[in-house]
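The values are calculated or read from the model by the stated rules, or taken from the named source; none is laboratory data. Just so you know, these numbers come straight off a predicted model, no measurement behind them. Counting neighbours? That spans all protein chains shown, and the Cβs are built from the backbone with ideal geometry, glycine included.
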Amino acid sequence: MDSMTTSRRHWLTRFGLGLGSVAATYLMQRDAARAWSSESASERSPGDGVPSRGVINPTHHRPTAKRVIYLFQAGGPSQLETWDYKPLLNERQGEPLPDSVRNGQRLTGMSGNQAHLPLAGSTFRFEQHGESGTWVSEVLPHLAKQVDRLAVIRSMYTEAINHDPAITFLQTGNQVSGRPSIGAWLQYGLGSETDDLPAFVVLITKGKGGQPLYSRLWGSGFLPARYQGVQFRSGREPVLYLANPPGISGESRRGMLDRLQQLHSLEEERVGDPELANRIEQYEMAFRMQSSVPDVADLSSEPAHVLESYGPDATQPGTFAANCVLARRLAERGVRFIQLYHQGWDHHGNVPGGMRTQCGETDQPAAALLDDLAQRGMLEDTLVIWGGEFGRTNYSQGALTADNYGRDHHPRCFSMWMAGGGIRGGVNYGETCEFGYNITADGVHVRDFHATLMHLMGIDHQRFTAKFQGLDARLTGVEPSRIVRELLA
């Protein structure tokens, strides 16, 4: 092979030290494999090392969070019905949105051509809770009891005004698809704490409509395929195609994997393709998951009082409540990044009815998850995040009546909360104007959110890069971003 095309991996493979041979002996020589490779992280390419190690070793600084549970509320929950209390909107109900407030900002095509934009106050009562005095809507009674654990950010903002680019931005750091997701970046950087489960798991509430979710939202982008999230489903087969086909025993599958590994090693020696080694590791992980996944997905071993704390849906596989229980079980077993998606928050009409439904499905389970983690001593090093891709307008989309209204997309300000994992509880960060339309203090951009998340995990977001098309790509991109230190404990 020409020396200009001979890769370092190909050189190692030809001398018997390739990743293929390491993968083949992984199960029998696990401890030895973990000690393999003393090279520095800065010299290691994305596919190098063993599954339990990442390219950042040690971390850039001491982490306060070991794992993340991200409760993503897909569709854009209304901040005005949940966390951002704006009584002025009720006082000026039906009045047109002042031009001085809108200030020429763009609107979507769904409400931009309305004859007027009538201000719409929330139909729900707000009260202050906890020592922090956090204002919370009546549709979140369980989370209202948790406010002294939460850092509520009322000043999130994004450039994306439509769902697909907005959710892609939150999940990958770029509005254009094809970049690694947060979970993929974390696994690439920090590796895995478990040998028998993926480091990155995705859970989606079953039976929910709304904006579609695409697998690229938990994809690995330009990183090797082994860093993509693995979706767990409800039902008899939590991970598709994991079980052996009828008539195939575990011994037969083990033998098949051994022979396949040998073929891949020969092919890797011939072409020097690093993806072959990643494929071998994925096959081996799937084999180990045959016993670990049914165990973790079986909630029947959970005490009755624990399931009851999550609400009546906790015993129904695939519900948000059941997925919250499963997320805690995955976190206990070393899964580093657990992403829960709950669709249905896109309320262009019937905001009162839609918010009652959505909050009824998610409020108690999310609060119970915080309690459950705290009782097990896990909340202090588990970062829990709640939020969607953008917020909703302060004016009604469509007709405004005494008991009904809709809200359009609003990227200028929205609310999220974070808890545990080094977050300072009882914080209300950022301010929006009295109309709930513009940020007036302490804005937090999506990139700032990503930088803060990485910091909590022990990563300097500016130093954490991967080569892509000749550039040093990173989750936070090239635009300025900051760590929101006011949120840190």
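Yes or no, residue by residue, for (1) closer than 20 Å to residue 220 by Cβ; (2) among the acidic types (Asp, Glu):
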{"site": "431", "(1), (2)": "no, yes"}
{"site": "441", "(1), (2)": "no, no"}
{"site": "455", "(1), (2)": "no, no"}
{"site": "468", "(1), (2)": "yes, no"}
Does the stretch 392-413 contain any residue that is modelled with pLDDT of 95 or more, in a strand (DSSP E or B) and under 14 Å from residue 152 (Cβ atoms)? no
Candidates 137, 220 - the one that is closer than 26 Å to residue 111 by Cα, buried (at least 22 other Cβ atoms within 10 Å of the Cβ) and at pLDDT 95 or above: 137
Filter the stretch 253-272 for residues that are at pLDDT below 75 and touching an Asp or Glu at 6+ places or on another chain (Cβ under 8 Å) and give the result. 257
Just need a number here: residues in the stretch 454-487 that are in a strand (DSSP E or B) and touching a residue at least 60 places away in the same chain (Cβ under 8 Å). 3
Restricting the search to the stretch 106-135, which residues are in contact (Cβ under 8 Å) with a residue 60 or more places away in the chain, under 29 Å from the mean Cα position of the chain (by Cα) and under 13 Å from residue 409 (Cβ atoms)? 107, 108, 110
Residue 231 fails exactly one of the following numbered conditions: (1) buried (at least 18 other Cβ atoms within 10 Å of the Cβ); (2) modelled with pLDDT of 75 or more; (3) within 25 Å of the chain's Cα centre (by Cα); (4) part of a helix (DSSP H, G or I). What is the number of that condition? (4)
Going through the stretch 187-228 in order, the residues found to be assigned to a helix (DSSP H, G or I) and in contact (Cβ under 8 Å) with a residue 24 or more places away in the chain are 187, 188, 189, 190, 216, 217, 218, 225, 226, 227
Residue check for residue 476: surrounded by 21 or more Cβ atoms within 10 Å (Cβ to Cβ), touching a Gly at 6+ places or on another chain (Cβ under 9 Å), at pLDDT 95 or above and among the polar types (S, T, N, Q): yes
